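Below is one structure, written out as structure tokens, with a few remarks after it.
The values are calculated or read from the model by the stated rules, or taken from the named source; none is laboratory data. Predicted model only: the values in this text are computed from it and were never measured. Reconstructed Cβ throughout: ideal geometry from the backbone, glycine too, with neighbour counts over all protein chains shown. Just the protein is used for accessible areas: all its heavy atoms, side chains included, with ligands, DNA and RNA removed. Shrake-Rupley method; radii C 1.70, N 1.55, O 1.52, S 1.80 Å.
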Amino acid sequence: MQITCERRGLTLVARVSGELDVQTADEFRTTIDAWLGDGPCRRLVLNLSRVTFLDSTGLGAVLGRLRRVREAGREMAVVPPTGLGRTLLDTVALGRAVPIFRSERAALGLEAEADA
């Protein structure tokens, strides 16, 4: 798994690629939490579009970040993975808890958004 983070004003954009699973979930949690704690942030855009595998532990790590973001009075948006990863997010109805966007540009408000 690889994570790159970038600040765009008060928005933190975190791009995750590779496998988000039992072996990488701790690194994911630690990295995202460190970035959230290192400067002002109102919103987290979590781009999972390049995640190739997502298991229940990885999903738990994503949901844990959502909880932390909300507890801090912040917002979160997700660009979902494709395939089975997207199916897993749909199964737990993540779209009811957080806005889901088809692209990072749409999540940032840089392009019009159709149904995700």
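Brief remarks follow.
- Of the solvent-accessible surface of the stretch 28-103, computed with a 1.4 Å probe over protein heavy atoms with every protein chain present, carbon and sulfur atoms account for 51 percent.
- A simple spin-label model places pseudo-atoms 7 Å from Cα toward Cβ; at residue 90 and residue 23 they are separated by 2.8 nm.
- Rounded to the nearest 5, the antiparallel percentage of DSSP beta bridges internal to the chain is 30%.
- Solvent-accessible heavy-atom area per residue, rounded to whole Å², over the chain at 1.4 Å: 54
- Selected from 48, 24, 78, residue furthest toward positive end of dipole (the chain; charges at beta carbon): 78
- Global geometry of the stretch 19-68, whether rounded, prolate or oblate, following the gyration tensor of its Cα atoms and the 1.5 cut on a/c: prolate
- Checking (1) 62; (2) 69; (3) 50 against the coordinates, the calculated percent of Cα pairs over 17 Å apart falls under label (3).
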